[in-house]
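The values are calculated or read from the model by the stated rules, or taken from the named source; none is laboratory data. All values derive from a computational prediction rather than experimental measurement. Using ideal geometry, Cβ is built from the backbone for each residue, glycine included, and neighbour counts are taken over all protein chains shown. These area figures cover heavy atoms from the full protein model, side chains too; ligands, DNA and RNA do not enter into them. Shrake-Rupley method; radii C 1.70, N 1.55, O 1.52, S 1.80 Å.
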Amino acid sequence: VAALVALSFSGAVGLTFLMLGCALEYYGVYWPLFVLIFYFICPIPHFIAKRVSDDSDAASSACRELAYFFTTGIVVSAFGFPIILARVEAIKWGACGLVLAGNAVIFLTILGFFLVFGRGDDFSWEQW
């Protein structure tokens with residue numbers, strides 16, 4: 001239960017950074033909210049690889065490696081998106097920094113979720 005509370009708190013902190021990067025009066029542009037799409041699609045390759053892979057005992061499989069590749073591309077894109085927005089002056093660099101901090105916290109939270117609940121024991125994310 002403590003892990004779930006810690007993960008929810010860190011997720012709230014990450015989303016707070018994202019909202020601050022958008023909603024502060026000095027920044028006032030909501031383009032960085034499009035990184036929410038990356039947060040939602042980040043675990044999808046892992047879920048697909050988990051369903052498709054037949055041999056869970058193998059150290060690595062092509063499907064799992066492809067899922068890691070796509071997940072890495074999604075995470076890198078989520079970090080690159082606010083930098084590109086700041087570079088073309090659609091958002092300010094301070095907002096970019098807040099969004100990048102939020103990205104780091106949210107993606108570490110997603111990683112922590114899979115490390116804590118992805119072991120396949122009695123209490124796992126597969127029950128949800």
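Accessible surface calculations at 1.4 Å, restricted to protein heavy atoms, place the chain at 64 Å² per residue. Maximal additional length on extending the residue 76-residue 61 stretch stands at 3.1 nm, based on 0.36 nm per residue less the C-alpha distance. Working from Cα pairs under 8 Å separated by at least six residues, relative contact order for the chain is 36 percent. In summary, the helical segments of the chain meeting the span-like criteria, namely a full DSSP H run, a Cα extent along the axis of 18 angstrom or more and a mean Kyte-Doolittle hydropathy of at least 1.0, are 2-23, 62-87, 93-117. Short-range pairs are left out: with C-alpha atoms under 8 Å and at least six residues apart, the relative contact order of region 1-72 is 21 percent. Ellipticity at 222 nm from helices only: DSSP H runs of n ≥ 4 in the chain, each -39500 (n - 2.57), divided by the residue count, give -23500 deg cm²/dmol. Maximal additional length on extending the residue 68-residue 50 stretch stands at 5.3 nm, based on 0.36 nm per residue less the C-alpha distance. Element breakdown for the chain at a 1.4 angstrom probe: carbon and sulfur atoms account for 70% of the accessible area. Considering only 9, 29, 114, the residue lying farthest towards the positive end of the dipole of the chain is 29, judged by Cα position with unit charges set on Cβ.
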